[in-house]
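Rule-based calculations on the coordinates, nothing more; no lab input. Quick caveat: nothing in here was measured; it's all calculated off a predicted structure. Backbone-built Cβ (ideal geometry, glycine too); neighbour counts: all protein chains shown.
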Amino acid sequence: MDESLGYLEVARSGTAIYARVVGLGMATVGIDFWDFSEEMVKQGFNRFIVDLSQCRSMDSTFMGVLVGIAESPKVKAGEAVMVINPNDHHMKLMDGLGLPKMISIRSGRTELPEIEMRRLDAFPRTSEERILKIRDVHARLVALDRRNEEKFKLFLKLLDQELKGR
């Protein structure tokens with residue numbers, strides 16, 4: 001991954017995972033976060049607080065990952081995923097995909113507790129695994145808000161064709 005574009009810093013505290021997006025919240029960062037969150041849920045963590053104070057922008061895959069984490073049956077209902085420190089651009093992106101239906105968004109300035117954040121390492125995966133995860137999160141976005149069907153219909157079709165060709 002080109003770290004100049006973006007990366008994620010994470011920390012554990014209590015039953016919560018804190019994540020800070022630095023730069024761009026893109027597909028690679030998002031998929032790594034999903035893999036990480038699945039491991040953390042297995043270890044008993046059930047809340048994910050995502051800080052956007054250092055995030056320039058996000059793509060649909062990253063936002064779909066937030067929905068996927070929130071839909072995990074083992075996370076704390078209602079506050080499974082909380083986004084803090086969004087700016088107007090972030091809000092427009094999240095509203096446009098219907099994320100406020102699934103995740104909690106706290107506007108205004110919110111400070112993280114005094115915890116040591118570490119950069120999240122990339123998880124190894126095949127290109128097919130990557131495509132499957134990207135397809136999954138976009139299908140979740142369509143299920144979350146039917147307006148997303150038109151936005152992602154062609155993209156999902158292309159991903160399906162890519163998978164069939166393997």
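Numbers at a glance
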{"item": "Using a Förster distance of 35 Å, the FRET efficiency for residue 101-residue 13 (Cβ separation, nearest 0.05)", "result": "0.85"}
{"item": "Projected area averaged over orientations for the chain, convex hull of C-alpha atoms, nm²", "result": "9.5 nm²"}
{"item": "For the stretch 76-166, the fraction of alpha-carbon pairs in successive 10 Å shells from zero, as %", "result": "13, 32, 36, 17, 2"}
{"item": "29 Å Cα-Cα reach of residue 157 towards lysines, excluding residues that sit fewer than 8 places from it in its own chain", "result": "92, 101, 133"}
{"item": "Candidates per GluC sites (Glu not before Pro) in the stretch 67-137, loop by DSSP, up to 11 other Cβ within 10 Å", "result": "111, 114, 116"}
{"item": "Calculated SAXS-style log₁₀ I(q)/I(0) at q = 0.12, 0.14, 0.17, 0.20 Å⁻¹ - the stretch 48-111, Debye, Cα scatterers", "result": "-0.25, -0.35, -0.52, -0.72"}
{"item": "Calculated FRET efficiency for the pair residue 117/residue 153, C-beta based, R₀ 25 Å, to 0.05", "result": "0.10"}
{"item": "Antiparallel DSSP beta bridges within the stretch 1-109, percent to nearest 5", "result": "35 percent"}
{"item": "Relative contact order (percent, whole number), the chain, Cα cutoff 8 Å, 6+ residue spacing", "result": "23 percent"}
